[in-house]
């Protein structure tokens, strides 16, 4: 078997085109939603939402939602099934809107802009019953 250095491997490998995606981390109870593959920085919006913005601060590249289990319980109380199947992250964002703390008047337009931009992409995530049971 031929051995190659890490550098050779990386240079010879082709990257797939970026596509928006979401990832649930059961241990931290967070949902990371990736919209763009651009250098970014984090800006805390409230205790549940962190926005990732381009370095010029003009565009949203992604978000991280905390307390996902609570949000799922909230949508479950409306009869939405989410276990062991794909679910649109827009539904989880609707739960965030229901439980989010009241933003200041200055923050309200920015939060609304974030949510509008997030709703444009059809991104889904799968929640496994075993993952959700982790505490």
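Please treat every number below as a calculation from the coordinates, not as lab data. Given the structure is predicted, the values throughout are model-derived calculations rather than measurements. Because the Cβ atoms are built from the backbone with ideal geometry, glycine has one as well, and the counts that use them run over all protein chains shown.
For this structure, a couple of remarks:
- Going by neighbour counts of Cβ atoms within 10 Å, the residues 29, 112 line up, fewest first, as 112, 29.
- Relative to the dominant Cα principal axis of the chain, helix 108-120 is inclined by about 50°.
- Sorted by Cβ neighbour density within 10 Å, fewest at the top, the residues 117, 2, 64: 2, 117, 64
- Within a Gaussian network of the chain (alpha carbon springs, distance under 10 Å), most fluctuating of 49, 11, 31: 11
- Helix 89-99 and the longest principal axis of the Cα set of the chain meet at an angle near 40°.
- Gain on full stretching of the segment that runs from residue 27 to residue 55 - 0.36 nm per residue minus C-alpha separation: 7.2 nm
- By the count of neighbouring beta-carbon atoms within 10 Å, fewest first, 33, 91 end up ordered 91, 33.
- When Kirkwood radius over Cα pairs in Å is computed from the coordinates, the matching label among [x] 14.9; [y] 16.5; [z] 15.3 is [y].
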